[in-house]
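Okay, so here's the structure we're looking at.
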Amino acid sequence: MTTLPTTQPRETRRHDLLVDYAAVARARGPRATAMTALRQRSVQMRDILSYVATGDQLVWPALRDSLRGGERPALDPVWAANLAYVVGLQNVEAQDTPDAIALYDEVLRELPDNPQRLEQRRTYVELLLRHGDAPRARGALETMPELRELEDDYLWIDTLNPAVCGTTDRAADWLELVQQRFTRHGLEAPTLSPGAPTPLDALRATPEDVVDGPLVSVVMTTYRPDHTLLHSVRSILGQSWRNLEILLVDDASPEEHADVLQRAVDLAGGRLRLLRQPVNQGTYAARNAALPHVRGEFVTGQDSDDWSHPRRLERQVRPMLEDGAVTSTRSRALTMSEQLVNVRPGQTPSRANVSSLMYRRSVLDVVGGYDHSRMGADSEFMERLSDATAPTLEVAEPLAVVRVVPASLSRGDFGAKWRHEARRSYVSAYRRWHSDADLTRDGHLPREPRPFPLPRRFAPTPPVHDTYDVVFASEWRRFGGPQKSMVEEIKALRAAGMRVGVMQLAATRFISLNAGRHCRPLQDMLNRGDVEEVFLDDDVTARLLVVRYPPVLQFLPHVTPRVRAERLIVLANQAPAERDGSDIRYNVDDCRAHAEQLFGRTALWVPQGPTVRGALAPLLPTEELASFDMPGIIDVEEWWTERESWRSDRPVVGRHSRDDPMKWPGDQATVRTVYPTDGSVDVRVMGGGESLVSVLGDVPRSWVVFPHNYMDVRTFLASLDFFVYYQHPQAYDAFGRSTLEAIATGCVAVLPPHLEATFGPAAVYASEEEAATRVRELYADPAAYRARSTAARAYVDEQFGPRRYAGLVASLLEQDALL
């Protein structure tokens, strides 16, 4: 391996990166930083929180070891509490829970009085309970009485639970408090019958009276059933609503489970019909198999290991009997372990119970059945039903206990403040279809062709190993230059007959409270089937995997990757930092190691242009830096605008960019020189207004400044004669997607000389002092202007067009190895 050329020790560069990420974190706030770490399952992000919490002193391992050694370093209480929150809720290492508790012990009393303090205190007690320290949890609750008011005092209840505190001394008090969670809603108190395998299986309740009315069909599905099925069936048979039928669908369980199924049939005494699926395809396919057989006026579901209170059906039917406009209802459930423990740190002890959805059978004529998916189809069905008919009425009473079993199919996709990317993708996809489709006219979800994609892991039939020609891994929840370029690249590769996948990898630079969804252009491509989404733990092969934005490699998610890359490229569309070393986005050493960790091979780094090449060359072994560049591409035919006349009686000069101080020249004099303020030119700007004002003090009266993305970019560029783009002297302009778009529309681009290596004869190059003069010269000579515009179009089509790009990728796929 070639010795890495560098003028700065690697650890120093990593420290500088941490300094800059800490600055981003401070700007976004501790809560957003913590939520981003949890959402991304990033253990490495603990270092950012720790660094800020210790006043720019310690990364997490150093702080952790300091606390374990009995030291008490100076801590910012808010940032330290958010670090404890992340460590405790991630809980990926053996000592995470006690380490989080120890950190909370240092700062919890110093937190300011606000809603976040309540959440931090709640989490502290939850961690104590998970750690088995019921006495300390009870003591904490006595000093923090506001926690006793949360969710029916569930924390205190757990401190008395024999399974948590290890003694039955307070078992009677505990049971009474559990019962009060129901009785305060006017529901009968459940009791615990002796001899059951677990406390949850011991739950029993008898209604004080019974009610008659229209037939309710209860659909249950099961696979490899055990005693929990019988408990669930009993809870339905014991309903106060007597007129019911159960349709139990067995999803092709092995024959050794036939005895349990028969016992369920015998238990029901004629009120249960057993249906058998020939092939296992998941619970929603099984539910669909039951729907043609339901006879009830109302239909609901029941998970085969849950317990329903005897008033569930009655309380959910009543609103539909009283109001014909109500088409569906849903109730709430307590989420408990088999030992009736409420606490799962970071997750609520009750929730809306999706499987409890009850609807009029007649709505099936409007919406049909469930999506043919192994996961998530209950939420999709409920939202589609609500969109097609009327909103689902929420019955705000705990009418069931949902059994929380860590090994269940769905539980592995959810954690504290985290859910699998496939879950997010599925919701994003079906909501996009819901928003476009006229569901009130036809709410059926067609099987073929699907109107939105199904993640591989959701397929009813186990997926086989798949191979993609190219997979683009990047941050897809934004829509800027990298995403616009990837959309064009995907189109080019699809036109060349290649199978293309995309992968979401989060960039920690974009710290935020919420995750957001895929950018709309990508979602539309996914829903049309133009491209397929791949997840890190999918069993697939990419002949070429392109990491399209290096910062997504800086802080890795805690996941076991399964994607195999036969060829791996890191396409550097951005330099690691600005020219003066500020605003560090990624550390090349870290990203090299992380790319190999994720995808099993050394990556070839490919610059997007000469500027980035210059920045990367000192930081990479020679053989890991490609000899070629991969600039962004554009389809000129889609962007071109004829330039038969000027846009105004003066030259119309413009530019567009996101709002970033580095996107503008660094001083007032230069801005006024490049973009005259005397009215001699018509200056139009889209985006970057705040940064402009920070330089100039105000917006010149002769200028027009639009917000970022105020209008379609092509429309804006078509209103210009010249695209004049000058940035801060310390900025690395890695490529310049906005410049390429401007040239493609026919604008003449006027750029600083250093960009000639990138755009060649497609632009006019001038110093800052000469830029306005070049504009006036070309405006005075329309023929020369049109000749330059036409020549630039031809050059861009040849050098930055889709055919050239597809050919380059094809040549890479023909190589046995890139390194």
Say we look at the stretch 379-408 and pick out the residues that are surrounded by fewer than 21 Cβ atoms within 10 Å (Cβ to Cβ) and of a type in the set (D, E, K, R); which of these is farthest from Pro451 (Cα to Cα)? Glu397
From the list Arg456, Arg419, which one is of a type in the set (D, E, K, R), under 26 Å from Tyr223 (Cβ atoms) and touching a residue at least 24 places away in the same chain (Cβ under 8 Å)? Arg456
Any pair with Cβ under 7 angstrom, 6 or more apart, that starts in the stretch 734-763 at a residue that is closer than 22 Å to Ala572 by Cα and ends at one that is among the charged types (D, E, K, R): Arg737/Lys484; Leu755/Asp733
For the stretch 509-543, enumerate the residues that are touching a Pro at 6+ places or on another chain (Cβ under 8 Å) and of a type outside the set (D, E, K, R). Leu526, Asn527, Gly529, Phe535, Leu536
If I ask for residues that are touching a Phe, Trp or Tyr at 6+ places or on another chain (Cβ under 6 Å) and crowded, with 20+ Cβ neighbours inside 10 Å, which ones from the stretch 423-445 would you list? Ala429, Tyr430
Selection from the stretch 390-439 of residues modelled with pLDDT of 95 or more and hydroxyl-bearing (Ser, Thr, Tyr) yields Thr392, Ser425, Tyr426, Ser428, Tyr430, Ser435
Any residue at all in the stretch 199-221 that is under 34 Å from the mean Cα position of the chain (by Cα), free of Cβ contacts under 8 Å to residues at least 12 places away in the same chain and surrounded by fewer than 20 Cβ atoms within 10 Å (Cβ to Cβ)? no
Kindly indicate which of Met525, Met503 is under 25 Å from His594 (Cβ atoms) and not in a loop (DSSP other than H, G, I, E, B). Met503
Going by what's in this entry, would Asp537 be described as surrounded by fewer than 21 Cβ atoms within 10 Å (Cβ to Cβ), in a loop (DSSP other than H, G, I, E, B) and either in contact with a Cys (Cβ under 7 Å, 6 or more places away or on another chain) or on the phi > 0 side of the Ramachandran plot (or both)? no
Given (1) in contact (Cβ under 8 Å) with a residue 60 or more places away in the chain; (2) polar (S, T, N, Q); (3) out of contact with any Lys or Arg (no Cβ under 6 Å at 6 or more places or on another chain), index of the condition Thr790 fails: (1)
Scan the stretch 300-320 and give yes if some residue there is under 39 Å from the mean Cα position of the chain (by Cα), hydroxyl-bearing (Ser, Thr, Tyr), surrounded by fewer than 20 Cβ atoms within 10 Å (Cβ to Cβ) and under 28 Å from Thr198 (Cα atoms), otherwise no. no
Go through the stretch 579-695 and tell me which helices (runs of 4 or more DSSP H), entirely inside it, have 2 or more residues that are among the hydroxyl-bearing types (Ser, Thr, Tyr), crowded, with 16+ Cβ neighbours inside 10 Å and in contact (Cβ under 8 Å) with a residue 40 or more places away in the chain. 668-674
Given (1) surrounded by fewer than 22 Cβ atoms within 10 Å (Cβ to Cβ); (2) touching an Asp or Glu at 6+ places or on another chain (Cβ under 7 Å); (3) modelled with pLDDT of 95 or more, Arg10 misses just (3)
Regarding the stretch 453-461, can at least one residue be identified that is among the hydroxyl-bearing types (Ser, Thr, Tyr), at pLDDT 95 or above and either out of contact with any Phe, Trp or Tyr (no Cβ under 9 Å at 6 or more places or on another chain) or not in a helix (DSSP H, G or I) (or both)? no
Restricting to the stretch 696-715, what's the tally of residues that are out of contact with any strand residue (DSSP E or B) (no Cβ under 9 Å at 6 or more places or on another chain) and loosely packed, with under 14 Cβ neighbours inside 10 Å? 5
With the stretch 281-353 as the region, which strands (runs of 3 or more DSSP E) entirely inside it contain at least 3 residues that are assigned by the TED database to the domain that holds Leu229, of a type outside the set (D, E, K, R) and in contact (Cβ under 8 Å) with a residue 60 or more places away in the chain? 298-301, 328-336
Quick one: which residue in Gly270, Gly301, Gly296 is of a type outside the set (D, E, K, R), closer than 15 Å to Glu245 by Cα and at pLDDT below 95? Gly270
Any idea which of (1) part of a helix (DSSP H, G or I); (2) in contact with a Lys or Arg (Cβ under 6 Å, 6 or more places away or on another chain); (3) of a type outside the set (Gly, Ala, Ser) is the one Arg424 doesn't satisfy? (2)
Filter result for the condition that a residue is without any contact (Cβ under 8 Å) to a residue 60 or more places away in the chain, in the same structural domain as Arg315 (by the TED database), surrounded by 16 or more Cβ atoms within 10 Å (Cβ to Cβ) and out of contact with any Gly (no Cβ under 8 Å at 6 or more places or on another chain), over Ala258, Ala264: Ala264
Only unsatisfied item for Ala189, checking (1) under 21 Å from Ala396 (Cα atoms); (2) crowded, with 16+ Cβ neighbours inside 10 Å, is (2)
Per-region count, the stretch 566-578, residues touching a Leu at 6+ places or on another chain (Cβ under 9 Å), free of Cβ contacts under 8 Å to residues at least 60 places away in the same chain and assigned to a strand (DSSP E or B): 1
Among what's in the stretch 346-375 and is in contact with an Asp or Glu (Cβ under 6 Å, 6 or more places away or on another chain) and buried (at least 21 other Cβ atoms within 10 Å of the Cβ), pick the residue that is farthest from Thr283 (Cα to Cα). Pro349
Quick one: in the stretch 802-819, which of the residues that are modelled with pLDDT of 95 or more and small (Gly, Ala, Ser) is surrounded by the fewest Cβ atoms within 10 Å (Cβ to Cβ)? Ser811
Which members of the stretch 633-673 meet the condition of being under 40 Å from the mean Cα position of the chain (by Cα), aromatic (Phe, Trp, Tyr) and under 25 Å from Ala780 (Cβ atoms)? Trp640
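The values are calculated or read from the model by the stated rules, or taken from the named source; none is laboratory data. Since the model is a prediction, treat every value here as computed from it, not as a measurement. No Cβ is skipped: glycine too gets one built from the backbone with ideal geometry, and neighbour counts run over all protein chains shown.
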